[in-house]
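A quick write-up on the structure given underneath.
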Amino acid sequence: MLHRSISRRFLWLRLLRGSLVAGALYDLAFAVLMVAAPGLPARWLSLPLPGEKFYLWLIAVLLGILALLYLAAARDPRRYSAIIMAAILGRAAGAAALGIAASSRPDLAGLWPLAAADLGFAFLHAVSWAPLRA
């Protein structure tokens, strides 16, 4: 019985770590694209680019920082549990913000996949973290 409980906890821990690493890679990929080839994601998602590249660079820097925090939390989830909570809440808030923007303007409909990805990450982080908190 104890062996099964411990085995299950390790499974949840691996899932949590994997979801955090996947979130970090997702954020890093977008950060790199925003700086190196901003037109590419804009074309994929049929989104307008901002007038100033500075805004994309700033978002890229913030995504890079976020990715590093995700990697720290993936390495030691107990020590960085506040980052995991921030990731869950931040992804959920990001999904809401992107969804509101996409629903309010037809030219921003390309934000729906990003909203879904954020909501998916929030859900995956929360579901895999909750059993470890008990």
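The values are calculated or read from the model by the stated rules, or taken from the named source; none is laboratory data. Since the model is a prediction, treat every value here as computed from it, not as a measurement. As a convention, Cβ positions derive from the backbone with ideal geometry for all residues, glycine included, and neighbour counts pool all protein chains shown.
Each residue in region 1-15 was checked for being loosely packed, with under 13 Cβ neighbours inside 10 Å and either small (Gly, Ala, Ser) or assigned to a helix (DSSP H, G or I) (or both), and 10 pass. From the list Leu108, Leu114, which residue is farther than 19 Å from Ser19 by Cβ, crowded, with 17+ Cβ neighbours inside 10 Å, in contact (Cβ under 8 Å) with a residue 60 or more places away in the chain and of a type in the set (A, V, I, L, M)? Answer to the selection: Leu108.
Every residue, every condition in (1) touching a residue at least 24 places away in the same chain (Cβ under 8 Å); (2) surrounded by 15 or more Cβ atoms within 10 Å (Cβ to Cβ); (3) in a loop (DSSP other than H, G, I, E, B), yes or no:
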{"residue": "Arg17", "(1), (2), (3)": "yes, yes, no"}
{"residue": "Gly23", "(1), (2), (3)": "yes, yes, no"}
{"residue": "Met34", "(1), (2), (3)": "yes, yes, no"}
{"residue": "Arg43", "(1), (2), (3)": "no, no, no"}
{"residue": "Leu56", "(1), (2), (3)": "no, yes, no"}
{"residue": "Ala74", "(1), (2), (3)": "yes, yes, no"}
{"residue": "Ala102", "(1), (2), (3)": "no, yes, no"}
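This table checks each residue for (1) of a type in the set (A, V, I, L, M, F, W, C); (2) at pLDDT below 95.
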| residue | (1), (2) |
| --- | --- |
| Arg4 | no, yes |
| Arg17 | no, no |
| Ala22 | yes, no |
| Leu49 | yes, yes |
| Leu66 | yes, no |
| Arg75 | no, no |
| Ala87 | yes, no |
| Gly110 | no, no |
| Ala115 | yes, no |
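Among the criteria (1) modelled with pLDDT of 95 or more; (2) within 21 Å of Gly120 (Cα to Cα), the one Val32 does not fulfil is (2).
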